[in-house]
Structure formats: C-alpha cells, structure tokens
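Please read the structure below before turning to the comments.
The values are calculated or read from the model by the stated rules, or taken from the named source; none is laboratory data. Note that the coordinates shown come from a computational prediction; the quantities given were computed from them, not determined experimentally. Heads up, the Cβs are rebuilt from the backbone with ideal geometry, glycines too, and the neighbour counts pull from every protein chain shown. Only protein heavy atoms, including side chains, enter the accessible area calculation; ligands, DNA and RNA are left aside. Shrake-Rupley method; radii C 1.70, N 1.55, O 1.52, S 1.80 Å.
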Amino acid sequence: MLLFALAFLLAILQPSTGQFPRVCANVQSLLSKECCPPWDGDGSPCGELSRRGSCQNILLSQAPLGPQFPFSGVDDREDWPSVFYNRTCRCEGNFMGFNCGECKFGFSGLNCTERQLKTRRNIFQLTASEKNKFLAYLNLAKNTPSQDYVIATGTYAQMNNGSNPMFRDINVYDLFVWMHYYASRDTLLGGSSVWRDIDFAHEAPGFLPWHRVFLLMWERQIQRITGDENFTIPYWDWRDAEDCEVCNDEYMGGRHPTNPNLLSPASIFSSWQVICTWSEEYNSQQALCNATSEGPIRRNPGNHDKSRTPRLPSSAEVEFCLSLTQYESGSMDKMANYSFRNTLEGFADPQTAISNPAQSGLHNALHIYMNGSMSQVQGSANDPIFVLHHAFVDSIFERWLRRHRPMLEVYPAAHAPIGHNRENYMVPFIPLYRNGEFFKPSRELGYDYEYLQEPALQSFQDFLTPYLQQARQIWAWLVGAAVLGGIVTAVLTGLLRACRKKKGGTSSEIQPLLTESEDYNNLTYQSNF
C-alpha cells in the first residue's frame, strides 16, 4: 500500500533539479543552444508571463584560471554549460529551476514567499520508523525513473555538435551518482590520451559549495518523489568512531557472511547495482559512463591501507581544522597549506594543515576507510553512506562559516583550478548555480543541523506571558490598590495645601524660575544618548 501511494505521488510530482532537462535534450535545443522551457503554470518560457523569469544569454566569468589545466576547447565542461547551451532561464526573486517553476532553497509557497527552516538530524537520533522511512526513500529513489532529467552518453563532438543527441533515462538515485562522476571524470583528449589533473567538484575551493548544492538537490528530489516535504538528510557523526557504526543491517548494510567485500543479503542495499566505476575502461574507449550496471556495491570497512589512513578522524582533528582562519591558500588545489578547505577535504594533515599526498585525513579518510565503492572518487556516490558522510562534512563547513563569518570575497574570485572561481557555474548542474552563491550559512538556504542549533531566544511576548497570566488572576486586587493609592494621595495633597495657606506669602527663595520670561517659549530640550 505504501509503495502504491508513493507511485501515485510520483505521477503527480515532478523532480526539480538535475542534469540535462529532458525538454532540452533534443536537436532543436542543442543546435539553437537554448534551454528555456515553458513553465506549466502559464505556458510561457521561464514563466515570463507570471514574472518568474526570462530567457537570457548566459554570462560567463572572465576571471583567469589556475595553471592546473593547460588546455582550451577540449572538454565539454569548460565554461559550463556554454558548449551545450548559451541561453537559459534566469529566474527572478525567490524562483528557481530550469523553467523557474520551483522555489529557491529555503523558500516555499505558491509564490515562493514563505521562509522555511528544516533540521538535519543525527541518524542515530531517528526513531525506528524514521530510520526505516529513510531507508525506504533511498530504495524508492533507486527504483524511480527521473521524470525531468536525462544523462548524456556522449560528448558534444560525439553528438555531431548537437545534430545527433545522445541521452538516456536514469533513475533518481543514479542521476546523482552520474552527476558526481561527470564532475570528477578525466578529460578525454582523443586516441587513448586523457588528462587526469582535473576535477570540477574536488581538490579546489568549490569542493564544499559543490557538495552543499548536491545534497540540497538530492534532498529536494527525495521530497518530490515521496511527497514528504519535511524530509531531510540525516548525518553520521563519525568523530572518534572505533569502526563503521552504520555498517550493519539495521542501517546501511552489514558485511556479507562469506564475502567480506560485499553487503549482507539481509540489507536492501545488497541488491543495488553500481554505475560509473570503470573509469579506465571509459578512458580507453574515449567514452562517457552510460549508466550501465556494473555489479553490486562493494564495501569492506577497516580492511584498507592503514599506512594511508590509520583510523577514522578524531574530534581533536576536526577542532584543529575549524581553527584555521584561511578558507583557501596558495595554489588552491590539493597542495595548499593552512587551507581549511584542503584540510577538511583530507589532502592536508589534520594536525598541521600541511599538504601530505601520502596521507588521507578527515573527509578523504572516510572514503578510504570504506575500502570499496566509496573509495573511488568518480563512483563513490554509489554507496548510500555517501550522503550521510557528506552531510556531516557539510556541517563542519557550516561550523567554520559561523565561527569565522567570512565575507563572500574570502572565496577566491580568480586563479583557482578550472571551474572553481567564485563566479564559475558548477558542473554539471542545470539550473545554473555559481560557487559563490553557496558560500554562506545554511540557514539562509533553509536548513540547519540538530547539533548546531542555538537555543532560541524567547520573544518579548513569551517573556511577558507568565507575568500577564499572574496579573489576570489578581486584577481585582490591583484595581483596588490603585483606587486606595489615589485616595491616600488626594488626602495628603489637601493637607499640604492647607499648611501652605497658613504660612501666608511666598518668599523669594521659592519664586518659580523663568515664569513670564521673554525667553520661555524659546527654550528647547535636548537628550543626550
């Protein structure tokens, strides 16, 4: 019955964000390089008749890039998304989406005017029913085709510059696996040549904002296909953990009884098939991942290279990382020293902040520790632990933002690796998001973390409420006291006047000052603040 209800909701609700909009994955859109679909609400492109947005030329950043990618015009992801489209919807106000049909993160309502704030919680603080619902939602996403988005199975050149579109359908969960792969894949240079030193989602300033957007989009997809608008991603707080606490059949799947590299048959995730993990095969064929199934999830936590990652990260390492005042530094890549981003990502030592390629700390340590699908960058999102892990990494990013309160200018505007400058659009998201747009506190984006929430200060009304309630109970006595006080005051005033009359005239010492003076009406009163 639950699955039937979820299927019904799927039919009436459409996903909101993703990669290539289905309505733009055609010859006409690719040749015209325009992706400005109509909004269903009024039938006009980008909802222009309802003043939601309009079809505009894409404004690309002209800021210089770092030296890490010495090519130009060889990768479809350069100056994203201009190889495919140079005109898209530019939404107004709080509207968002490839056709301006959605609300920005943190807003809801018919006209996107209602602020909302949702809370991401520790997975171990969920009730049994909440935890089971989360697992069911994951499995539903794995088995639900994306209604609005498709993936590219060939490069733009392989599509004959748009005249031969190469796209295919994909389920909601794997859509995000594919996007993570596409952002981090190698550049295909032709023949058997590739360029590996490129990543639009890692090893540079955009690492944290990119994954923040990724999680927000993933969260909204789950809300859409389930109809559960209150859903939020739980996080796994792995600080000081002795082992993989979520690696059991109650949560994310235990170890297979006979094959330690696989998941327990008792876990729903044991039947999942991974995609986009054969990077060397794609490179040799000069092909893109086409989302073909490539076998089960692999995971063997703890049986990894201990010389690279001795243990899971500690609280002390997280605190040291948070103490770093520079978001980015030096070359702004995995060799950066004293960089908060590089230390949290795990390319710098979490005790010294000095780059150390031979070690994997903090974020990277978790990936290495899992010793399986999560340990290979391009396909790491295949393991559902990925979202729990990155939600906690995002919470550490949030703690740094709140502690140091950086201005937007702290995020590098130029000379970062390709795709990572402040005004660059994130690959491969459509609608378009700039890196700098998500370098801000999570509460401005509509979410918070349970363990970071500050006790809300009582409003003035809340402060007065108990006193007003007491006043209602004794109002009659208060009125009586006021009347009695008035009578006593009147009697005393009469007695004082009588005494003055007996004394006769008024002495000069008590004559009123300035009375009937010419300057009386010209006096002003000043307040000193």
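Pop out the ³J(HN,Hα) list for region 100-110 in order, Karplus 6.51 cos²θ - 1.76 cosθ + 1.60 with θ = phi - 60°, rounded to Hz; leave Gly and Pro as x.
So the Karplus estimates, Gly and Pro as x, are 6, x, 10, 9, 4, 4, x, 10, 8, x, 4 Hz.
In Å³ and rounded to a whole number, note down the convex hull volume per residue for the Cα atoms of region 169-236.
Values: hull volume 7.7 nm³, N = 68.
Each residue corresponds to 113 Å³ of Cα convex hull volume.
Computed over the Cα atoms of region 305-428, what is the convex hull's projected area averaged over all directions, in nm²?
Answer in nm², one decimal: 7.7.
If you project the alpha carbons of region 118-452 onto the principal axes, what extent comes out on each, in Å, largest first?
Cα spread of region 118-452 along its principal axes, largest to smallest: 50, 47, 42 Å.
Bins of 10 Å, beginning at zero and ending with the bin holding the largest distance: percent of Cα pairs per bin for region 373-412, please.
26, 34, 26, 13
May I ask you to order 302-309, 182-189 by the average number of other C-beta atoms within 10 Å around their residues, highest value first? Please report the intermediate quantities before stating the final value.
Details: 302-309: 14.4, 182-189: 20.4.
Going from most to least packed, we get 182-189, 302-309.
Can you pull out the chymotrypsin sites (Phe, Trp or Tyr not before Pro) in region 61-90 that DSSP calls coil and that have at most 15 other Cβ atoms within 10 Å?
Counting only loop positions with at most 15 other Cβ atoms within 10 Å, the chymotrypsin sites (Phe, Trp or Tyr not before Pro) in region 61-90 are Phe71.
List every residue whose amide H lies under 5 Å from the amide H of Ile151, counting only residues 5 or more places away in sequence or on a different chain, with H placed 1.01 Å from N in the peptide plane.
Arg168
Quick one: which residues, 5+ away or cross-chain, put their amide H under 5 Å from the amide H of Arg255? H built at 1.01 Å from N.
Here Ser264 satisfy the definition.
Local charge sum around Pro357 (other residues, Cβ-Cβ under 13 Å, Lys/Arg +1, Asp/Glu -1)?
Residues near Pro357 contribute -3 overall.
Give me the tail of P(r) for region 78-190 as a percent: Cα-Cα pairs with distance above 19 Å.
Roughly 68 percent, rounded to a whole number.
If amide H atoms are built 1.01 Å from N in the plane of the peptide, which residues on other chains or at least 5 residues away come under 5 Å of the amide H of Arg120?
Asp448, Tyr449, Glu450
Taking a quarter of the surface of the Cα convex hull of region 202-353, what do you get in nm²?
Averaged projected area of region 202-353's Cα convex hull equals 12.2 nm².
In the full protein assembly as shown, how much of Thr325 is accessible to a 1.4 Å probe, in Å² to the nearest 10?
Rounded to the nearest 10, the figure is 100 Å².
How large is ³J(HN,Hα) for each residue in region 223-236, as worked out from phi by the Karplus curve 6.51 cos²θ - 1.76 cosθ + 1.60 (θ = phi - 60°), to whole Hz, x for Gly and Pro?
Taking θ as phi minus 60°, the curve returns 4, 6, 6, 9, x, 8, 5, 9, 5, 9, 6, x, 10, 10 Hz for region 223-236.
Between Tyr451 and Asn26, what length in nm is gained on full extension when 0.36 nm per residue of separation is reduced by their alpha carbon distance?
Gain in length upon complete extension: 148.4 nm.
Based on C-alpha coordinates, I'd like the Rg and Dmax of region 134-211, in Å.
15.2, 45
Would you list Thr226, Thr352, Thr113 from the most to the least accessible area, probe 1.4 Å?
Details: Thr226 10, Thr352 65, Thr113 100 Å².
Reading off the accessible areas and sorting them downward yields Thr113, Thr352, Thr226.
Lysine pairs in region 118-452 with alpha-carbon atoms under 30 Å apart, 8 or more places apart or on different chains: how many are there?
Pairs that pass both the separation and distance tests number 9.
Where only protein heavy atoms count, and the probe is 1.4 Å, what is the accessible area per residue for region 118-452 in Å²?
Details: 11470 Å² over 335 residues.
Spelled out: the 1.4 Å probe surface of region 118-452, per residue, equals 34 Å².
Counting only protein chains, not ligands or nucleic acids, how are Thr153, Thr144 ordered by accessible area (probe 1.4 Å), most first?
Result of the area sort, largest leading: Thr153, Thr144.
Excluding Ala141 itself, what net charge comes from residues whose Cβ is under 13 Å from its Cβ, given Lys and Arg +1 and Asp and Glu -1?
Summing Lys/Arg as +1 and Asp/Glu as -1 gives +1.
When the dipole is taken about the Cα centre of region 118-452, and only Lys, Arg (+1) and Asp, Glu (-1) are charged at their Cβ, what size is it in debye, to the nearest 20?
Using only the charged Cβ atoms, the result is roughly 280 debye.
How large a share of the accessible area of region 118-452, in percent, is made up of carbon and sulfur atoms when the probe is 1.4 Å and the other protein chains stay in place?
48 percent
Determine ³J(HN,Hα), in whole Hz, for all residues of region 144-159 in sequence, where each value follows from phi through the Karplus function 6.51 cos²θ - 1.76 cosθ + 1.60 and θ = phi - 60°; x replaces Gly and Pro.
10, x, 6, 7, 9, 10, 10, 10, 7, 9, x, 6, 4, 5, 5, 7
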